[in-house]
Each structure stands twice: as structure tokens, then as C-alpha cells.
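Okay, structure first, notes after.
Just so it is clear, none of the values below were taken in a lab; they were calculated from the coordinates. Just so it is clear, the model here is predicted, and its values are computed rather than measured. Every residue, glycine as well, gets a Cβ built from its backbone with ideal geometry; the counts of neighbours run over all protein chains shown.
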Amino acid sequence: MDQLNVIPFDNINMGSEDDPNTALHLQHHQPHNFDFDFDYPNNNDDDLLEPTSLSDPNLDPCEGMEFDSEQSARIFYNSYARRVGFSTRVSVYQRSRRDGSIICRQIVCSREGFRRECNENRSKRQRTVTRVGCKAQMTVKKQSSGKWTVTKLVKDHNHEFVPPDKVHSLRSHRHVSGSARSLIDTLQAAGMGPSGVMSVLIRESGGINNVGFTKVDCQNYMSNSRQRTLGPGGQAVFDYLKQMQAEDPGFFYAVQGDFENSTGNVFWADANARMNYSYFGDTITFDTTYRTNRYRVPFAPFTGWNHHGQPLLFGCALLLNESESSFVWLFETWFAAMSGRCPISITTDQDRIIRAAVSKAFPGTRHRFCKWNVFREAQEKLSHVYHSHPTFEPEFHRCINVAESVDEFESCWESLLQRYDLSDNEWLQSMYNARQQWVPVYLQDTFFGEMSIMQGSDSINSYFDWVHKCIN
């Protein structure tokens, strides 16, 4: 029998619990014709999961149910859990030996397992018992078709469910969304405290149950946004940047704020990146979705493509501050490092703060939203539609990707909304209002390097994953 690793649990959205006593111990006999092995889960699920709810009471999980991705399965099961009244977390997974990708994932009730009592902790404050050995879980496995299928489902719980007016406080259903972060940042910059911020959020959301997180989460976010630093590793970063500049006069770096105790952004670009931009800098991508593990500081590369379709790096940043003014500083600093030459076009995600910063720093540059991020967000915002109507997703993609004229897109979009009764969906309406920044038919008059905006972010992240693996 092959060696089996003991895999610690990973809590959705709220990070992992570094308690070795909560690890799940399994025995596994591996058949010879299987091509996977067990591994440790990646504790980097910050972009997953935003709470959703399913209005169809009959839409329960069942064995054989198919999903387009592991993420879709996790979102669906978490949405189901919210409706029923429990919380979820991801458990063990299996990796393919062929390419290292995840091919099987177990999602469990958050009350699965038990905590082991340690004698040395008896003097400390008693913790609430949250693990009661619940067996409820859903296991999904990737098929040769690329679909993810539910291969095991346990629906019975050994504990009471949380009532609807309390379920929003459960861990997997608490998520400070991008729009909420933007509003919190704005109110915090105006001098408002956590209590005042929560009052505004409750009023804007139509009730505390619709906010999606607690006052403690809001306080934690506000504290982290004020105090995010590189920690004890910061000086090593700065020393390295100084050394690189001393060795290479073409190396450029800048730190926002106090150099010795920076709480602003850090930017750098070597001579090769600056030269690449001089040749291939007509269109760039700025990606904030790649996040390092240790200090939870977002790593944001400026990237592009050469005439062979190969990715190029035009500079990098560590985002210790994600306010609008800090993004403006970053874009203007990058602009100076690139000898003051503006790109024709820039692709980012649809974050409100980034949009505002781009319009200020690059007023003459065409701004496009990453279509891959839009489709990923659609899986979350429209999860109930995706699972109630399996034909919706391919029709939605076809409407966006295949339309050859504005009139054809407009007609297809209206027909889609009518057919699936989505005319009043707020998210779809907001994306329609911004259609000129992400629907291809509206972007044909601007050069974007003929690169796929469905794969740009994912391929760049894969490249940095490979670099990170090589150096660690």
C-alpha cells in the first residue's frame, strides 16, 4: 500500500486551522489502474467562496450530479448548506500523478471530526465544542470528460441545524465580497469606525442577514487593511531590491511611503522587463488574483505577450495597500519605469477601485475587464440558474463569444434574459451596463494582442506557481 499523508483541514474563506489534532486519518488501498496520490490541500482559497442561496427547494445534491469545475461543486454544496442550516469546509483531496492537478475533492460539514483535548491547554479558556463527529459530506471526482461528478454523498447530520436568521454567521457563509471591501475602504478613509460601517452595510443590504459577514469580520478586515505589512521579511525584500539595483543600473524599484516601515505598495522591474515593454507594450494585463501564502500579501504582475504568444513580465508589485490612491501611485510609478509610454489597452478584473485608478492614471488607455473573471463570477452569482438550467451556461457563453455585431449581441442577450426569467437580476444588469468593457463585440476597435482573455490570468498564475515551486 502506498504511503498516505495525513491532510489537515482547510476552512473555506476563513483560512486553515493549524491544529494537527483535527487532521483526518484515512486508510487507502490504491488500485494499480488509478493515477493519483494524496497530498496536502492548498490553503489559498481566498477567492472562494462567496455565499449564495438556492431558491429551488428541490435542488438538493445527489450522487451522479455533474459540475463544470471543482469550484462550482464547492459553491453549490455551500449554497445548499446555507439553505439547510450548516457550515462546510474542504477536506482531503487527491492529485493526479500525471500532471499534479486535483482530481478528487471531499467537502464536509464543518462539525466533522473531533478535537483532541491536550493537558497543557486545560488552564486556558475553554473553547466551544464545534467538532461532534458529523459524517455529512459530498465527494466529487473529475471525469475523463472534464466534468466533476458526485461520487459519494452523506446527507444525515448528528446535530441540529442553525435557524435561517443565524445561518449567515456560520464560517463558510461569511465572506467580505469585493463590493463590500470597496465600500468599507471608502467609509474607513472617511474616518468611520466598524460600528458605523456595519450600520451602512446593513442599511444598504436590506438587513443584517444579507450583509454576508459579521461585525467581527468587518473589524478584522479594517484592521488588516490598515496594518498589512511584509512583517519581519520586509527588510530582506528591501535589501534584495537595493542589491539588484546596485548590480544592474537598469533595475527599477519604488516603495510607497516610509522605506524602513512601509505600509504602502512595493514595485520593481528589471532591465529585461523594461526592454520587453519597449517592444511589446501595446497591451498589458494587471492581475491582482495571485496571492502569496505566508504574509497574505497580494502579488500583482504587469504582463503581456510577445509576437510568439509567449508571456512577458513588465514589472511586479506587492500590494500592502489596496486603496484607490495606492493603485494610482502604483500605476503612475510603473508608467515612469516604462519611460512614460502609455499602453494602448489594459486588462484587469472589474474591481471598482482598480477601475477608478486606471481611469485616473491611464485616461487615454482602453480598459477591458478579464472575461475569465466575469465568467468565474457568473458561476457564483448565478449558481442557482446554472444548476436549475444546464443549458444556460453554454447559451450565456455563446451570447458573449459568438455574436459578430452589436445588434446580434443585444438581441441574444435580451432573448436569454427572457427565456430564463432573469430580467430583474441585479448582477446581470450591472454587467450589461459595463458591456463595452468586456463583451468582445464592443472591443473590436482596440488592439489587445490577439490573446485570449479567458486564459490570460490562469496561465500567468500557473507560471508563477511553477516559479514558486522551483525556489521553495
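May I ask you to sort Lys141, Lys152 by Cβ crowding, counting other Cβ atoms within 10 Å and putting the fewest first?
In increasing order of surrounding Cβ atoms, one gets Lys152, Lys141.
If packing is taken as the average number of other Cβ atoms within 10 Å across a peptide's residues, how do 300-306, 109-115 rank, most packed first?
Averaged packing, sorted descending, gives the order 300-306, 109-115.
Whole Å is fine, so just give me how far the alpha carbon centre of region 371-397 lies from that of region 341-356.
Region 371-397 and region 341-356 have Cα centres spaced 24 Å from each other.
Using the 10 angstrom Cβ neighbour count as an exposure proxy, how do Ile346, Ile107, Ile284 rank, fewest first? All intermediate terms of the calculation are to be shown ahead of the outcome.
Details: Ile346 21, Ile107 25, Ile284 28.
Starting with the residue having the fewest Cβ neighbours, the order is Ile346, Ile107, Ile284.
Which residues among region 367-391 fall inside the zone where the amide N is under 20 Å from a point 7 Å beyond the Cα of Ser69, along Cα→Cβ?
Residues 368-391 qualify, since their backbone N sits under 20 Å from the label point.
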